[in-house]
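Q: Have a look at this one before I ask anything.
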Amino acid sequence: MSMHTSGIHHITAFVRNAQRTADFYAGVLGLRLIKKTINFDAPEVYHLYFGDEMGSPGTIITFFPWENSRRGRVGSGQVGYTTYVVPADAFEFWQERLNKLSVDYEQTVRFGENYLQFVDPDGLKLEIVARDGGKESSWSFGGVPAHKAIKGFGGAILYSSAPNHTADLLVSLMGLERVGREGAYARFKAAGDVGNLIDIYMEPMELGHGGSGTVHHIAWRAKDDEEHALWRDHAAREGLEPTPIIDRQYFNAIYFREPGGLLFEIATDPPGFARDEEPDKLGGKLMLPEWFEAKRSQIEQLLSPFEVRVLEEDK
Ligand code: ZN
């Protein structure tokens, strides 16, 4: 049986500071903080989710800000670049915005498309591309009006320690289509209209190591719990030893490491982020799973407060 993911569900990365991360992903990029919770395995660390107005699958980047953590190195076995897509007419807007907010970038071309490439304050590699299609965000923040806002992920560049194996797996397991090759990059397309163009860097490169400024894992979409169970069987049949299904409150997850060293997750679209907060209140309050509620006051004392704020330079 062949299965097809719609594309990226979310990407999770390590950073060092919650305020600096909010100032970049909300302040500069104009994303919405859609959930403020904790790392369920390490409750002294936040787990912050940023995305479009509802945190739709394909728009969600999540962070564990570990103060004073070791800086990682981006390299093989990791997501290299996380790609954001903006409306087709918004490229110049973003170029001007990065200039205005003093974010250094380089402009590059890949598969005939222009990219603005830059890093976040911890060194995480990001890029912006402008494309038609996909739902526009209805979220505006600071100097980013909704009609220029990031629509979600355009895709990602994967750095693999076995690029040919990763390429085969994207096609045979995840159901992507091989759509092009240009220079060092091979391009693959998933069925959805966001988070759907995945490039693999096909040349050998140094091994990455985890730490701040690196992606921990990339999650792919399963449309519901029924399909999720099939994905797990599918991955197990391929010998990938997926974890059991884990309840992540806002989606269910399985994880496995692909042959090129990247940690893959498959996550369900439902139930989403409005399961414990009203849509207009998302991200407003520290949300804890039930089993941590009794310890709320101790947990809150361990976390540095931060706010989502419009940057001074953006007023
Ligand atoms: Zn995840």
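The values are calculated or read from the model by the stated rules, or taken from the named source; none is laboratory data. This one's a predicted model, so the numbers in the text were calculated from it and none came from an experiment. Cβ coordinates were reconstructed from backbone atoms using ideal geometry, including for glycine residues, and neighbour counts include every protein chain displayed. The protein model used for the area step is the full one, side chains on, heavy atoms only, and it has no ligands, DNA or RNA in it. Shrake-Rupley method; radii C 1.70, N 1.55, O 1.52, S 1.80 Å.
Q: Mind counting the residues in segment 109-131 that are part of a strand (DSSP E or B) and open to solvent by less than 40 Å² (accessible area, probe 1.4 Å)?
A: Our first condition is that a residue be part of a strand (DSSP E or B); within segment 109-131, this holds for 109-110, 113-119, 125-131.
Okay, now just the ones that are also open to solvent by less than 40 Å² (accessible area, probe 1.4 Å), so 110, 113, 115-118, 126-131.
Of the residues in that region, 12 qualify.
Q: Same structure, new question: From the list His217, His209, which one is within 16 Å of the ligand (Cβ to nearest atom), surrounded by 14 or more Cβ atoms within 10 Å (Cβ to Cβ) and not aliphatic (A, V, I, L, M)?
A: His217
Q: Would a scan of segment 292-303 turn up a residue that is within 16 Å of the ligand (Cβ to nearest atom) and touching a residue at least 40 places away in the same chain (Cβ under 8 Å)? First the steps, then the outcome.
A: First, the residues of segment 292-303 that are within 16 Å of the ligand (Cβ to nearest atom): none.
Within segment 292-303 (the criterion being within 16 Å of the ligand (Cβ to nearest atom) and touching a residue at least 40 places away in the same chain (Cβ under 8 Å)), the answer is no, since none of the residues qualifies.
Q: Step by step: first the residues of segment 220-250, then only those that are closer than 27 Å to Val74 by Cα and under 18 Å from the mean Cα position of the chain (by Cα), then the one that is nearest to the ligand (Cβ to nearest atom). Which residue is that?
A: Here the answer is Arg248.
Yes or no, residue by residue, for (1) within 16 Å of the ligand (Cβ to nearest atom); (2) outside any loop (DSSP other than H, G, I, E, B); (3) of a type in the set (A, V, I, L, M, F, W, C):
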| site | (1), (2), (3) |
| --- | --- |
| Ala22 | no, yes, yes |
| Ile34 | yes, yes, yes |
| Glu44 | no, yes, no |
| Gly55 | yes, no, no |
| Gly58 | yes, no, no |
| Val79 | yes, yes, yes |
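Q: Also, I was wondering about something else. Tyr105 - would you say it is among the aromatic types (Phe, Trp, Tyr), in contact with an Asp or Glu (Cβ under 9 Å, 6 or more places away or on another chain), open to solvent by 30 Å² or more (accessible area, probe 1.4 Å) and without any contact (Cβ under 8 Å) to a residue 24 or more places away in the chain?
A: yes
Q: Would you mention how many residues in segment 252-272 are over 16 Å from Val215 (Cα atoms) and open to solvent by 10 Å² or more (accessible area, probe 1.4 Å)?
A: Residues in segment 252-272 being over 16 Å from Val215 (Cα atoms) and open to solvent by 10 Å² or more (accessible area, probe 1.4 Å): 6 in total.
Q: Here's a follow-up. Based on this model, can you work out whether Ala235 counts as in contact (Cβ under 8 Å) with a residue 12 or more places away in the chain, of a type outside the set (Ser, Thr, Tyr) and touching a strand residue (DSSP E or B) at 6+ places or on another chain (Cβ under 7 Å)? Can you show your working first?
A: Working: in contact (Cβ under 8 Å) with a residue 12 or more places away in the chain: yes; of a type outside the set (Ser, Thr, Tyr): yes; touching a strand residue (DSSP E or B) at 6+ places or on another chain (Cβ under 7 Å): yes.
It is true that Ala235 is in contact (Cβ under 8 Å) with a residue 12 or more places away in the chain, of a type outside the set (Ser, Thr, Tyr) and touching a strand residue (DSSP E or B) at 6+ places or on another chain (Cβ under 7 Å).
Q: I'd like to verify a number: residues in segment 140-165 that are part of a loop (DSSP other than H, G, I, E, B), open to solvent by 10 Å² or more (accessible area, probe 1.4 Å) and farther than 15 Å from Tyr84 by Cα, how many?
A: 6
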